[in-house]
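Everything on this sheet refers to the single structure shown next.
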Amino acid sequence: MSILAAASLAGNYEAGPAIVAGLIGGIAFLLVVYIGLGVGMTRMNFLHMLGSMVAPKSSRSTAYAIGFVIHMMMSAAFGLVHAGLLTAIGVSSVASAAAWDLLIGAVHGVAVLIVLPVMLSMAHPLVRSGDLDRPGVALMGYGSMTPAGSLMAHVAFGLVTGSIYAASVL
């Protein structure tokens, strides 16, 4: 067995580090999202949007808390998915894990820009009632820079998650 093969992630999937990496990646995602909101790049308030989807009549702070919990649960789950993909690819360094997971994050971000507007329009009670703005194509209903911000947030998630997972497992 070569040294490179011995140091590869292939066959070394570990759920614990994947969950931790996903949670830290989720925080990185939120940093990008809320920097974008703070500088006026978007009007989409991600945590409120997420929380009010399941608790539309809740207070704003409750919606934020629910949104944060849902987001972190999804971050942990996507950390497991990203780690599984990196393991299947067989990355052998933190740099290659970061590069691959940056790409995985970008693909995920594009998928979100296609699926999320449809999901929000169909399933979010406050969007359906007109109390929240309609998302529009690729979330452009929240500002013309929202798609770029969403894509950057998913890329940041991938970059951070892949790097931390590989650094903890290799």
All but one of (1) over 25 Å from Met140 (Cβ atoms); (2) surrounded by 19 or more Cβ atoms within 10 Å (Cβ to Cβ); (3) among the hydroxyl-bearing types (Ser, Thr, Tyr) hold for Thr42, so report the exception by its number. (1)
For region 130-148, state whether one or more residues are within 15 Å of Leu50 (Cβ to Cβ) and hydrophobic (A, V, I, L, M, F, W, C). yes
Can you tell me which residue in region 136-150 is farthest from Met44 (Cα to Cα), limited to those that are touching a residue at least 60 places away in the same chain (Cβ under 8 Å) and not in a helix (DSSP H, G or I)? Met145
Could you tell me whether region 45-56 includes any residue that is within 16 Å of Ser163 (Cβ to Cβ), of a type outside the set (A, V, I, L, M) and either in a loop (DSSP other than H, G, I, E, B) or more than 13 Å from the chain's Cα centre (by Cα) (or both)? no
Just checking, which of Gly109, Gly79, Gly67 is at pLDDT 95 or above, buried (at least 16 other Cβ atoms within 10 Å of the Cβ) and closer than 23 Å to Ser168 by Cα? Gly79
So Ala98 clears everything in (1) buried (at least 20 other Cβ atoms within 10 Å of the Cβ); (2) under 11 Å from the mean Cα position of the chain (by Cα) except one condition, right? Which one? (2)
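The values are calculated or read from the model by the stated rules, or taken from the named source; none is laboratory data. This structure is a prediction, so every number in the text was calculated from the model and none was measured. Cβ coordinates were reconstructed from backbone atoms using ideal geometry, including for glycine residues, and neighbour counts include every protein chain displayed.
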